[in-house]
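Structure record follows, encoded as structure tokens.
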Amino acid sequence: MALTDHDGVAGFPEAQGAASQGAPSSGTGPRLLCGIEISTNDGEVHILGYGMELSRPCFVDRVSGLRRSRRERVSLMVEKLQGKGFAVSLEEVESCCQGVIGRPHIADVLCRKGLAGSRAEAFGRWLAEGRPGYVPSLGPSPEEAIGIIREAGGFAVLAHPDTVADLAVVGEWVRKGLEGMEAHYPTYPARTVARFAKLAADHGLLLTGGSDYHGPGTSRDTALGLEVPGPLMERFLERLARCG
């Protein structure tokens, strides 16, 4: 398993501790990896990173920058909601956040104030693209996100590729260092998996899978974890072993 939080890695120690506590006495429990999911400034295009050296100064600095950009975006969204007459504040949103701040924490404040019944409803009514409180991501470009991951010794994977408006751009991202594509995804039927598997093969990319689990009551109502075929995992682990 890999924990790939948006724009941060601070949750990994807690996840690692939970995995250790839940492991059987035989010591054959799950192997937990620390990854990242970088939100780019290209709509809902996200870049996954695996195998980074988390302590590299360049990576630490870039992750700090990602966190600042997220806070700025949240602040702008709060201002938009305030302009619509919503009695919300940045301080209230920050009080709901124990890690990397984002739209889910705005949703939590809206739920607390009775303006939405769930995170999913808050996104649908107020926070999703085209809704009154939406502000586009202030993150890096996809190419820059790939560079952040590679600079830290890791490898980059395109998350949920159906969010890419024109898949012809994948070739350019490959030239910038993209090495994989998340073809296995909870909402993808077999024909979609096959389409992305072919695209990945055309570009010599790894295939990965992910549940994109965001917690209970969120806009992504999926279960935690997703199985991928064994051969794909073996190839993934072979690439992981070359990181550093």
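The values are calculated or read from the model by the stated rules, or taken from the named source; none is laboratory data. As the structure is a computational prediction, the values presented were derived from the model and not from experiment. Counting neighbours? That spans all protein chains shown, and the Cβs are built from the backbone with ideal geometry, glycine included.
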Just one listed residue, out of 123, 86, is more than 21 Å from the chain's Cα centre (by Cα) and either aromatic (Phe, Trp, Tyr) or closer than 30 Å to residue 155 by Cα (or both), and it is 86
Quick one: in region 215-244, of everything that is modelled with pLDDT under 90 and buried (at least 17 other Cβ atoms within 10 Å of the Cβ), which residue is farthest from residue 111 (Cα to Cα)? 226
Can you pull out the residues in region 77-108 that are more than 22 Å from residue 8 (Cα to Cα) and surrounded by 13 or more Cβ atoms within 10 Å (Cβ to Cβ)? 79, 80, 81, 82, 86, 88, 89
Which one of 74, 60 is touching a Lys or Arg at 6+ places or on another chain (Cβ under 9 Å) and of a type in the set (Val, Ile, Thr)? 74
Would you confirm, using the coordinates I've provided, whether residue 232 is more than 22 Å from residue 40 (Cβ to Cβ) and either touching a residue at least 60 places away in the same chain (Cβ under 8 Å) or touching a Gly at 6+ places or on another chain (Cβ under 9 Å) (or both)? yes
Restricting attention to region 110-165, which residues are crowded, with 17+ Cβ neighbours inside 10 Å, in contact with a Cys (Cβ under 6 Å, 6 or more places away or on another chain) and not small (Gly, Ala, Ser)? none
Given the conditions (1) touching a helix residue (DSSP H, G or I) at 6+ places or on another chain (Cβ under 8 Å); (2) without any contact (Cβ under 8 Å) to a residue 60 or more places away in the chain, report the number of the one that residue 79 does not fulfil. (1)
Within region 73-88, does at least one residue satisfy the condition of being modelled with pLDDT of 95 or more, within 30 Å of residue 183 (Cβ to Cβ) and not in a loop (DSSP other than H, G, I, E, B)? yes
It is to be established whether one or more residues within region 133-155 are farther than 21 Å from residue 8 by Cα, of a type outside the set (Lys, Arg) and at pLDDT 95 or above. yes
Name the residue that is surrounded by the most Cβ atoms within 10 Å (Cβ to Cβ), counting only residues in region 187-202 that are in contact (Cβ under 8 Å) with a residue 12 or more places away in the chain and touching a Phe, Trp or Tyr at 6+ places or on another chain (Cβ under 9 Å). 196
Those residues of region 101-123 which are in a helix (DSSP H, G or I) and closer than 19 Å to residue 85 by Cβ, in sequence order: 106, 107, 109, 110, 111, 112, 121, 122
Does region 166-184 contain at least one residue that is buried (at least 17 other Cβ atoms within 10 Å of the Cβ) and assigned to a loop (DSSP other than H, G, I, E, B)? no
Output the residues belonging to region 12-57 that are part of a loop (DSSP other than H, G, I, E, B), in contact with a Gly (Cβ under 6 Å, 6 or more places away or on another chain) and either in the same structural domain as residue 152 (by TED's automatic domain parsing) or at pLDDT 85 or above (or both). 40, 41, 51, 52, 53
